[in-house]
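The values are calculated or read from the model by the stated rules, or taken from the named source; none is laboratory data. Not measured: the values here are computed from a predicted model. Cβ coordinates were reconstructed from backbone atoms using ideal geometry, including for glycine residues, and neighbour counts include every protein chain displayed.
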Amino acid sequence: MRIHLKTLGCRLNEAEMETWSRDFQARGHRMTQQVEEADLLVVNTCAVTEEAVRKSRKLLSRSNRLNPHARLVVSGCYASLNPDSTAEIEGVDLVVNNRDKERLVEIVSEKLDLSIMPQSAIEGDATGLLSRGRQRAFIKVQDGCRYRCTFCIVTLARGDEQSRPAEEIIAEINHLQTQGIQEAVLTGVHIGGYGSDIDSSISDLIRRILRETEIPRLRIGSIEPWDIPGDFWSLFDNPRFMPHLHLPLQSGSDSVLRRMARRCRSDEYRQLVKRAREQVPDINITTDIIVGFPGESEEEWQQTLEFVEETGFGDLHIFAYSPRQGTKAASLPGALSREVKRQRSQALHRLAEQLKLQTLRPYLGRTLPVLIEAGDESGWGGYTPNYLRIMAKGPAGIDLKNRIVDVLISEIDAERQLQGRVHSIESTHHPCNQVTEKQV
């Protein structure tokens, strides 16, 4: 069968989609990027905001409209929170709850009676991540969360914490590397809680991955600041563990953080960032900020602006607060108007642009290794170890895609993006680099 997968929302959803893709192929099915030619459509929905809910429902309706003859399977947070209404959407054949996601391919095969093709019919590496233009793979290491931030619906949708065995994760990374993947990103709902149910920890997992795989680059997704263990910083002594941390702040005001039921106050966060920058050269700290949380006063808002400016984040993910039914925050008094949230978001975006420029300037004139993800001889795009986007001019006649190259950084363009020129090509990072190391 021809199968089309579509996901909305977080990196965890994307990691799950990649796992489903491999599992479907292992059963002899073929993946397609064209919804119209698929025999089976699988949609991984999101419910983090009301807008995400709207997009999820719209995507389901659109999928059925574009291919009404295909079987339609739905999973994800929206489907898990609203299984009955999801099942009633026109065209939906099967709803798979989040708690059963690990068995989605098995459940779909049983419930919808998918035929299993012989092993010889399975396509080779052309169906892998690289065929979709991906050099980076998201690896799901755990699901669920024990905490209940008042604005978050995802913890309700995902349920209790469940950690994947390290052996499974390591095997997956090793397999992906044989397909040409250069970088693995560990993802989860509550990554810092990894191992709480299996007598392990996120630090233990990272050490094992670095010891038992040869993946050139390893990153960690968003991790709550209160989950950083004392032995975490030594992990960055290994150059394969990339110096970038996304530490969600949500607000720079302690009173707002209390209403959010966050477990880290501003001064604790300040000390954490200070230690990170002392311990890890070139570390890039990025964060999330929620604008216009219920009751956010002008004074609280100014506290957030001042804290963000003081911290000097490399990048911000900015969200205007949107109430989600089923969360405690949805019933809090003091809802702010759309106009106030818009004005505050714009102010924060302007500050974020200034901070990004401050982050990039120290790298002018330096040479950094860059994993090239896309482009051609007119310009190659990729990311530095600390997750700074860069465009580089390369030598004629050499395809640099999926290679790790040294780039001499020369300027910052109008889009707040580094620009440079390929200085050398490193052949030892990956067997696909079939040129000797040289200056170019």
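Going through segment 240-263 one residue at a time, which ones are assigned to a loop (DSSP other than H, G, I, E, B) and either over 23 Å from residue 364 (Cα atoms) or touching a Leu at 6+ places or on another chain (Cβ under 7 Å) (or both)?
Hits for segment 240-263 are 240, 242, 247, 248, 249, 251, 252, 253, 261, 262, 263.
Any residue in segment 85-94 that is over 16 Å from residue 6 (Cβ atoms), among the hydroxyl-bearing types (Ser, Thr, Tyr) and in contact with a helix residue (DSSP H, G or I) (Cβ under 7 Å, 6 or more places away or on another chain)?
Checked against the condition, which is being over 16 Å from residue 6 (Cβ atoms), among the hydroxyl-bearing types (Ser, Thr, Tyr) and in contact with a helix residue (DSSP H, G or I) (Cβ under 7 Å, 6 or more places away or on another chain), segment 85-94 yields no hits at all.
Of the conditions (1) closer than 30 Å to residue 78 by Cα; (2) surrounded by fewer than 17 Cβ atoms within 10 Å (Cβ to Cβ); (3) in contact (Cβ under 8 Å) with a residue 24 or more places away in the chain, residue 292 satisfies every one except a single condition; which number is it?
Result: residue 292 passes all but (2).
Answer yes or no as to whether residue 26 is assigned by TED's automatic domain parsing to the domain that holds residue 102, within 16 Å of residue 103 (Cα to Cα) and in contact with a helix residue (DSSP H, G or I) (Cβ under 9 Å, 6 or more places away or on another chain).
For residue 26, the condition - assigned by TED's automatic domain parsing to the domain that holds residue 102, within 16 Å of residue 103 (Cα to Cα) and in contact with a helix residue (DSSP H, G or I) (Cβ under 9 Å, 6 or more places away or on another chain) - is met.
Determine if segment 264-280 includes at least one residue that is touching a Cys at 6+ places or on another chain (Cβ under 9 Å), free of Cβ contacts under 8 Å to residues at least 40 places away in the same chain and assigned to a helix (DSSP H, G or I).
no
Tally time: how many residues in segment 18-50 are crowded, with 21+ Cβ neighbours inside 10 Å and within 21 Å of residue 164 (Cα to Cα)?
4
Being in contact (Cβ under 8 Å) with a residue 40 or more places away in the chain and not in a helix (DSSP H, G or I) is the filter here; which residues of segment 219-238 pass it?
Once the filter is applied, which keeps residues that are in contact (Cβ under 8 Å) with a residue 40 or more places away in the chain and not in a helix (DSSP H, G or I), segment 219-238 yields 219, 221, 222, 224, 228.
Which residue out of 333, 385, 395 is within 25 Å of the chain's Cα centre (by Cα) and part of a loop (DSSP other than H, G, I, E, B)?
So the residue among 333, 385, 395 that is within 25 Å of the chain's Cα centre (by Cα) and part of a loop (DSSP other than H, G, I, E, B) is 385.
Of the numbered conditions (1) assigned to a helix (DSSP H, G or I); (2) under 30 Å from residue 82 (Cα atoms); (3) without any contact (Cβ under 8 Å) to a residue 60 or more places away in the chain, residue 307 satisfies every one except a single condition; which is it?
(2)
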